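The numbers here are math on the coordinates, done by the rules we state, and not lab data. Bear in mind the structure is a predicted one, so any value in this text is a computation, not a measurement. Cβ placement follows ideal geometry from the backbone for every residue including glycine, while neighbour counts extend to all protein chains displayed.
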Amino acid sequence: MSHSKGIFARGIAALRSPRGRDTLMFLLFVAISAVLWCVLSLNEEEQRDLRLPLKITNVPDSVTLISKGPEALNVSLRAKGTQIMKMTMGSAPTVNIDYRAYRSAGALKLSNADLKALARNAAGGAQVSVVYPDTLLIPYTTHPGFLMPVKIDSKVSAGIQSAIVGEPKLSVDTVSVFLPNSRALPDNFNSVSTEPIRLQGLSQTTTRRVKLIGPPGSRVIPDSVDVTIDVEPMIFKTRKVAIEPINVPAHTKLITFPAQIDVSFMVPMSAYTRGDTRFRVVADYRTITAPSTSKMIKLSLLDVPSRLQNVHLSADSAEYIIERL
């Protein structure tokens, strides 16, 4: 503690010395010069490129804008340093387009001069030399939208030991399509399609947010939907199935040994306990060649549901005898 007091006392003594006072005076002048330089710099005008958010205001509830317009205007402006600092350090000022001031014949029409004036007003009177886009034409409609169903454009496949269950599901199955007042819905347009969905090797339930595609020059509300593809793991299952003789001539009986055979397959987990798995194991009499020295007949699977995978018989043939009736 005494050591720290000693260092502090020596520091005070150094500052009170003639050399210390000269150093303090020098630092004071440096600080004043820096402040003056900053003030002068901030009062000077400079050129800067900025991105100003764009907003359309005072739109009546009965009006739907066919295009939202750009999210922002790219502006090249000249302003004082203080203005530039305010616009860059804080939130950029918003360019407001008043629907009531620029509506004309079914569209909002803004010239280059209009956009420069709006940008200048938003930027606190700064000089605006360039604005992009340089003009705006935003159509609108006062007509109600056409209700249209949504059609899914998808090609999806499951990964190994997984299965897609059912059809893809939509978060919204009906949307509204808006067209400018002067246009009618095309005769051949009866649904709104999603953007193409192309997914492979899915191993779990997947949801994608996709855009909707309406007629050219239209607006779809909502403009995107969630598409969910249900995926389940596959489970091995075995069941006994009776062997069914087919194409047997009249007054003839084909008997197989065994009369039933095990069929193994993979089924989606949700269908494991269901007993509605239908398929046939057949022994076709026409496959027997005469004279036949073999006492075995080939077995085949028919009507196998598409949701099943790796379906196979425990044996590909069975013994048989033929009885004449």
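So which aspartates and glutamates can residue 116 reach, going by Cα to Cα under 13 Å and dropping same-chain residues fewer than 8 places off?
Cα-Cα hits under 13 Å: 134.
Starting from the Cα of residue 165, step 7 Å toward the Cβ, then list every residue of the range 180-218 with an amide N under 20 Å from that point.
Within reach of a label on residue 165, which here means backbone N under 20 Å from a point 7 Å along Cα→Cβ, the range 180-218 contributes 200-208.
Under 10 Å from the Cβ of residue 165, count the other residues' Cβ atoms, weight Lys and Arg +1, Asp and Glu -1, and hand me the total.
That works out to -2.
Using only the alpha carbon atoms of the range 234-324, find the Kirkwood hydrodynamic radius as the inverse mean reciprocal pair distance, in angstroms to one decimal.
14.2
For the range 117-181, with equal point scatterers placed on the C-alpha atoms only and solvent neglected, what are the log10 I(q)/I(0) values from the Debye formula at q = 0.20, 0.21 1/Å, to two decimals?
Here the Debye-derived log intensity ratios amount to -0.92, -0.96.
In what order do 269, 87 fall by count of nearby beta-carbon atoms within 10 Å, going from fewest to most?
Placing the least packed residue first, the sequence is 269, 87.
How high is the relative contact order of the range 45-141? Use alpha-carbon pairs under 8 Å, at least six apart in sequence, and give a whole percent.
Once divided by the residue count of the range 45-141, the mean separation gives 38 percent.
Note down the net charge around residue 97, summing +1 for each Lys or Arg and -1 for each Asp or Glu among other residues with Cβ under 12 Å from its Cβ.
The answer is +3.
What is the distance, in nm, between label points placed 7 Å from the Cα along the Cα-to-Cβ direction at residue 105 and at residue 223?
2.6
Cβ under 13 Å from residue 243's Cβ, residue 243 left aside: what net charge do those residues give with Lys, Arg +1 and Asp, Glu -1?
Counting the neighbours of residue 243, the net charge comes to -2.
Listed here are the pairs 151/237; 68/155; 237/295; 55/211; which of them are more than 27 Å apart at the Cα?
Pairs exceeding the cut-off: 151/237; 68/155; 237/295.
Once the Cβ-Cβ distance between residue 260 and residue 157 is put in as r, and R0 is 35 Å, what FRET efficiency do you end up with, to the nearest 0.05?
That gives a FRET efficiency of 0.55.
Only residues of the range 234-265 count here: report those whose backbone N is under 17 Å from the spot 7 Å along Cα→Cβ of residue 322, or say none.
245-257
Given 4 °C and 1.567 mPa s, compute D for the range 146-229 with the Stokes-Einstein relation, Rh being the Kirkwood radius over Cα pairs; round to the nearest whole µm²/s.
Reported coefficient: 93 µm²/s.
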